[in-house]
1. If you put +1 on each Lys and Arg Cβ and -1 on each Asp and Glu Cβ, how big is the dipole of the stretch 315-415 around its Cα centre, in Debye rounded to 20?
2. Run lengths n ≥ 4 of DSSP H only: what is the helix-derived mean residue ellipticity at 222 nm for the chain, with -39500 (n - 2.57) per run over all residues, to the nearest 500?
3. Which one, Ser190, Ser203, Ser44, has the greatest fluctuation when you compute a Gaussian network model over the chain with C-alpha springs under 10 angstrom?
4. Which of Ile197, Asn340, Ser386 sits closest to the plus end of the dipole of the chain, meaning its Cα is farthest towards the positive end, when Lys and Arg get +1 and Asp and Glu get -1 on the C-beta?
5. What share of the DSSP beta bridges in the chain is antiparallel, in percent to the nearest 5?
6. Please report, in whole Å, how far the alpha carbons of the stretch 346-415 spread along each principal axis, starting with the longest.
7. Restricting to Cα pairs below 8 Å that are 6+ residues apart, what does the relative contact order work out to for the stretch 154-263? Please round to a whole percent.
8. Over the chain, with a Gaussian network built from C-alpha contacts below 10 Å, which listed residue (Phe316, Phe122, Phe62) shows the highest mean-square fluctuation?
Amino acid sequence: MAISAGTNSIGLQYAERKKMNYRNRIKLIPRNNWDYGIKAFIDSLVGISRDNTQGGEIENVFHEKPIWTNSGRVSLYAILKSLELPPGSKVGVPLYCCSVVFNAICQAGLSPCFIDSNLNDFNLSIEDLPRKRAGLAAIIAVHMFGSPCDIDAINSIAGAVPVIEDCAQSFFSTYKGKQTGFLSTASFFSFRCGKYISAGEGSAIFCREPALRNNIEHAVNSYRSLSAFQAVFDSLLTLVKATLYNRPLYGLIGHPVGMRLDKKLNLTAKEGFETGRIASPYAALVNQRIPGFQQKINIQREHAQMLSQSLVPHDFILPMEGKDCSSNWFQYALRFQNKNQRDAMAAYLLNQGIDTSKYLDNIPDEARSKYGYTGDCPNAERLSESVLLVPIHYTLHNDDMVHIARAINAGSTKI
Ligand SMILES: Cc1ncc(COP(=O)(O)O)c(C=O)c1O
């Protein structure tokens, strides 16, 4: 099948999906890993009457007590509010980042100052940060795709300015042998479905500055907590959504419905938030999943290595692990030479039964229209139009990975 590189990407994807036959739809490999099935639902409900936010595996592993909230964005909001910065203060944040982070900054009464990213590791640029450092009251350092950013350099440029690690994607990644999340003023992880732990919802904040930690605890204690009935209902809803986001229903319902309705219904929760504490079943599941988690990372790492060894990178650049870092390989990001090639590959792979993600492809426009971005992050803009995330989830089988590798190499000859 010939692929016209100049075709409009959404039109192309839609046309390709229409051509996808019923068998391919059933087998469609989802772009994200919503690992939440009946067992997770039952496990999460077993301890519903217990307070699962005290003790547990997360404290055993990190030797620190987390402050639990219902989502990463709420955690960030709580940390920013607790810093008690003057209203309107500027917070440095990479433009190549999920827009819910920009939203949380604004909800906290502050304003985002966009920092460019590195093309090679997708993380905050330590060349651009010093240029903008003077006006900043705080910096958010995102460990993008699980690959740790150069946090030593960022801390050193920040000086006295607080640095918040966004570890939504970097659970168990390490930088110079230390876990991400314990290298800065404060940090947060996300356990929402689609993230590595995929507990449904939930997030953990860590902070070792006693005064700031007190403020955060105080703020989070004032947030609502779900009743047991609401928590069960929420978990059930998570189970239904996760069923739609997994094979065989993903290709039949999750993907086509998601493509049409996600923006309207906010199905994957890309916008807004309501402050809350974590619901007990979700905290139970996070703690329950931590002991087997390294094994899942190992599988995902094997999948990444298999792709890196099998792919022939004519039109794209393969992702690499940073120096002195261990990535959890949350995502496998190919960077194409241009948008047309990236979009053509996405369309080709979809037709081969592989869903991919053009992650953050709209972020410069969204940041411009809603958050005052003025166009000074050229690398991040390039990333937004050239990155394609290819599935490597630990739930995929070897056959799936072989199929993905072959399809990318075949697609490469056609785009
Ligand atoms: C880098 C990054 N930061 C923060 C968040 C927010 O996490 P949550 O979805 O738990 O609010 C996300 C996920 O959407 C993310 O990818």
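Every read-out reported here was derived from the displayed coordinates using simple, explicitly stated rules and does not represent laboratory data. None of the values given here were measured: they were computed from a predicted structure. Cβ sites come from the backbone with ideal geometry, for glycine too, and all protein chains shown count toward neighbours.
1. Values: 10 positive and 13 negative charges, 36 e Å.
So the dipole magnitude of the stretch 315-415 works out to roughly 180 debye.
2. So the calculated ellipticity at 222 nm is -13000 deg cm²/dmol.
3. Per the Cα network of the chain with a 10 Å cutoff, Ser44 tops the list.
4. Asn340
5. Details: 20 of 39 bridges.
Antiparallel bridges: around 50 percent, rounded to the nearest 5.
6. For the stretch 346-415, the Cα spread along each principal axis is 46, 28, 18 Å.
7. 15
8. Result: Phe62 has the largest fluctuation of those listed.
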